[in-house]
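The values are calculated or read from the model by the stated rules, or taken from the named source; none is laboratory data. Just so we're clear, the structure is a prediction, and the values are computed from it rather than from any experiment. No Cβ is skipped: glycine too gets one built from the backbone with ideal geometry, and neighbour counts run over all protein chains shown. Accessible surface is based on the protein model in full, side chains and every heavy atom, while ligands, DNA and RNA are left aside. Shrake-Rupley method; radii C 1.70, N 1.55, O 1.52, S 1.80 Å.
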Amino acid sequence: MALLAFALACADASAATIAPLPESDYGVRALCSQAGAGRAGCMSLELVPLSAAARAHTHPLAMLRSALASSPSPAAGSYGLRPSDIHTAYQLPASAPSAQTVAIVDAYNDPNAESDLAAYSQEFGLPACTTANGCFSQVNEAGATAPLPYPHSGAELESGLAGTGGERLEAEEAAGWGVEISLDMEAVHAMCESCHILLVEAASSSFEDLEAAERTADRSGATEISNSFGGPEDETTAQLELESAFNHPGAVVTASAGDAGYLAWDAESSWERGFAAFPASSPHVVAVGGTRLNVGVGGTWLGETVWNGKGAGGGGCSVVFAAPSWQQALPNWSSIGCNGRAVADISADADPYTGLAVHDTSPDCRTKYEVIHTVNWCTVGGTSLSSPLIAGAFALAGGAGSAPYPARTLYEAVQARPGSVHDVTSGSNGECGLPYNPNTGLSSCTTAAEAASCASDGICLAGPGYDGPSGLGTPDGLAAFQAVTPSAPAVESGSSNKSSTQAPPAAPAAPVAPAPAVTPAPAPSLSGLELTVAAIVALNRPRARIAAVSFAFSSNTIVSVRATLARRVRRHRRLMWATVGAATTLLALPGRDAGRFTGRHMLRRGSYRLLLTPARGAARSIEFKLG
């Protein structure tokens with residue numbers, strides 16, 4: 001665990017000083033307000049000082065230092081991780097080998113985005129990233145530089161926060177997303193100093209607006225797109241249609257796995273619990289989980305555990321999407337305990353107790369953290385931090401390369417290049433019924449107790465190799481982010497303090513006849529979806545069962561297809577689609593195919609939607625009414 005790692009480090013470095021966080025000095029709060037149905041919440045958590053000593057920030061935030069600071073200084077590490085800490089811990093270079101543009105998709109407008117990024121760059125000596133030098137761009141969800149969403153100025157936000165009713169609620173939501181924007185920009189710039197940053201601001205936190213912003217990010221030519229938001233996948237309005245907005249072959253799309261633990265057990269509302277987060281559950285994105293990163297003097301990597309305490313890294317099995325082939329090919333897949341897509345794919349630091357130092361001029365940072373010599377600095381974590389870090393790591397590796405879906409790159413590279421990630425083998429993001437430890441920010445439960453919520457399967461319990469909470473692990477150089485090709489040997493990128501012994505060159509191999517060319521399979525595509533005549537007749541009778549729903553469609557290739565049925569319902573004063581009965585999966589062959597649901601679930605009157613989702617293909621749907 002984290003404290004053991006600190007103790008061992010201290011024993012090996014007598015010159016180092018440990019200053020543990022005083023009990024009850026800190027709390028944690030979610031930056032974004034709770035999202036309603038059809039809307040997304042940002043995945044960022046702010047470390048809140050609760051005492052004068054904590055506000056002074058003269059002692060380390062769960063990090064090993066050579067000496068205590070006499071006065072608070074972001075550059076000295078008083079407010080959390082610095083760019084140098086990240087690069088040293090994860091053994092990464094500071095710049096990309098080619099031009100890379102990382103798009104950040106967020107909701108609402110941050111009127112101080114560019115100035116906050118400038119202040120961050122100046123504090124840590126990073127290259128300027130501004131509109132003037134072409135490094136920074138800020139656009140609305142349609143891709144235009146004006147008009148930007150609400151709020152249009154800091155004064156307008158302040159006025160809204162002082163208001164009442166709906167005006168104040170919108171302002172509070174926008175303020176939280178403003179800090180989220182600062183976190184995302186600064187995490188990307190900290191990770192990849194040469195990367196251009198494109199900030200795409202959705203008009204609101206609705207999935208429809210965020211979908212529009214996502215498509216704009218792709219049309220703008222971004223090589224990486226980071227999404228630090230999500231919602232429970234079963235409650236997402238028109239989810240499978242929205243999922244296509246995150247399907248951008250050739251671009252790296254990362255998404256936060258969530259901050260409420262395995263299947264969101266720690267979510268504020270009951271309707272959020274029991275589901276993995278979307279869009280992280282989409283097989284088209286790189287789902288990013290969270291760890292607690294323990295660093296020593298100078299940022300040396302001391303170890304990582306699954307993040308679980310005040311907040312916990314999200315994850316779980318999708319109830320909508322099938323597991324992609326690269327997950328099913330894992331040597332330990334049978335021990336994960338997942339029938340669908342497993343979340344996460346990879347992880348990075350997310351614990352707010354080991355969060356990033358963030359510059360933001362919002363009222364939150366200013367009123368809670370202001371001291372004599374330092375203003376507008378926060379410590380922020382959550383998987384909102386880990387998502388842009390991983391997007392930046394892909395950028396440092398040159399982007400997606402020739403891989404249509406970079407998540408596959410991770411799985412193939414880690415298996416081909418052992419040691420290319422830090423394998424996180426301790427901890428669980430499973431449920432804990434006890435209050436977290438306020439001194440350390442860690443869970444008060446044993447790992448075994450936490451893992452009971454997933455029957456101790458790998459979907460919520462860390463172990464060697466792949467597991468749900470940490471995915472394949474955390475960055476250790478760039479080798480895991482570089483595609484594996486038959487002609488390219490494994491290349492360890494970035495500096496490393498690990499010793500290695502190079503094997504002598506092998507004797508020349510005998511000539512081998514070239515393999516015959518293989519024509520790649522076409523991308524799965526479905527068409528002609530319709531109910532069968534038998535289904536139409538049966539559904540016109542009273543008391544129809546779900547087994548009466550049979551359907552036909554055409555496929556262009558052999559592909560696994562998942563069929564779900566949903567009914568239009570009103571929840572939380574919003575119309576949405578609610579899944580009915582159990583999904584069914586069938587193997588489609590080229591040409592005309594047929595399928596049907598099973599079970600004895602009775603269908604009530606109302607509007608229904610039949611959705612077919614081919615593995616790694618676009619969903620197709622039809623709607624019909626009953627009664």
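Just a few scattered comments:
- Among the residues of the range 233-261, those identified as of a type in the set (A, V, I, L, M, F, W, C) and at pLDDT 90 or above are Phe246, Ala251, Val252, Val253, Ala255, Ala257, Ala260.
- Subset tally (residues that are under 14 Å from Ala113 (Cβ atoms), at pLDDT 95 or above and in a helix (DSSP H, G or I)) for the range 175-232: 13
- So Ala99, is it within 25 Å of Ala213 (Cα to Cα), under 24 Å from the mean Cα position of the chain (by Cα) and open to solvent by 10 Å² or more (accessible area, probe 1.4 Å): yes
- Note on the range 118-149: among residues that are part of a helix (DSSP H, G or I) and not aromatic (Phe, Trp, Tyr), the one that is least open to solvent (accessible area, probe 1.4 Å) is Ser121.
- Taken as a whole, the range 417-432 holds no residue that is at pLDDT below 95, assigned to a loop (DSSP other than H, G, I, E, B) and touching a Leu at 6+ places or on another chain (Cβ under 9 Å).
- Residues satisfying the stated conditions in the range 341-364, i.e. part of a strand (DSSP E or B) and farther than 24 Å from Glu114 by Cα: Arg341, Ala342, Val343, Ile346, Ser347, Ala348, Asp349
- Subset of the range 56-74 that is over 20 Å from Asp351 (Cβ atoms) and surrounded by 14 or more Cβ atoms within 10 Å (Cβ to Cβ) - its residue that is modelled with the lowest pLDDT: Thr58
- Among residues of the range 151-174 that are touching a residue at least 12 places away in the same chain (Cβ under 8 Å) and in a helix (DSSP H, G or I), those with a Cβ under 6 angstrom from a residue that is surrounded by 13 or more Cβ atoms within 10 Å (Cβ to Cβ) and of a type in the set (Asp, Glu), sequence gap 6+ or separate chain, pair up as Gly160/Glu167.
- Index of the failed condition, Asp364 passing every other in (1) of a type in the set (Asp, Glu); (2) surrounded by fewer than 23 Cβ atoms within 10 Å (Cβ to Cβ); (3) at pLDDT 95 or above: (3)
- Test: residue in the range 233-251 that is touching a strand residue (DSSP E or B) at 6+ places or on another chain (Cβ under 6 Å) and assigned to a strand (DSSP E or B): no
- Residue within the range 458-472 that is touching an Asp or Glu at 6+ places or on another chain (Cβ under 8 Å) and charged (D, E, K, R) present: no
- Qualifying residue in the range 318-340 (condition: touching a strand residue (DSSP E or B) at 6+ places or on another chain (Cβ under 8 Å), in a loop (DSSP other than H, G, I, E, B) and at positive phi): yes
- From the list Ala413, Ala455, the lone residue that is in contact (Cβ under 8 Å) with a residue 60 or more places away in the chain and farther than 23 Å from Ser318 by Cα is Ala413.
Conditions (1) at positive phi; (2) in a loop (DSSP other than H, G, I, E, B); (3) in contact (Cβ under 8 Å) with a residue 12 or more places away in the chain, marked per residue:
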| residue | (1), (2), (3) |
| --- | --- |
| Val537 | no, no, no |
| Ala552 | no, no, yes |
| Val561 | no, no, yes |
| Arg570 | no, no, no |
| Ala578 | no, no, yes |
| Leu586 | no, no, yes |
| Arg600 | no, yes, yes |
| Leu612 | no, no, yes |
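- Identity of the residue in the range 533-559, out of contact with any Pro (no Cβ under 7 Å at 6 or more places or on another chain) and within 17 Å of Arg620 (Cβ to Cβ), that ends up surrounded by the most Cβ atoms within 10 Å (Cβ to Cβ): Val549
- Test: residue in the range 162-170 that is in contact with a helix residue (DSSP H, G or I) (Cβ under 6 Å, 6 or more places away or on another chain) and buried (at least 17 other Cβ atoms within 10 Å of the Cβ): no
- Residue count for the range 447-462, restricted to those that are in a loop (DSSP other than H, G, I, E, B), farther than 20 Å from Trp301 by Cβ and out of contact with any Cys (no Cβ under 9 Å at 6 or more places or on another chain): 2
- Scan of the range 269-298 for residues that are touching a strand residue (DSSP E or B) at 6+ places or on another chain (Cβ under 7 Å), assigned to a helix (DSSP H, G or I) and under 22 Å from Leu210 (Cα atoms), ordered by number: Glu272
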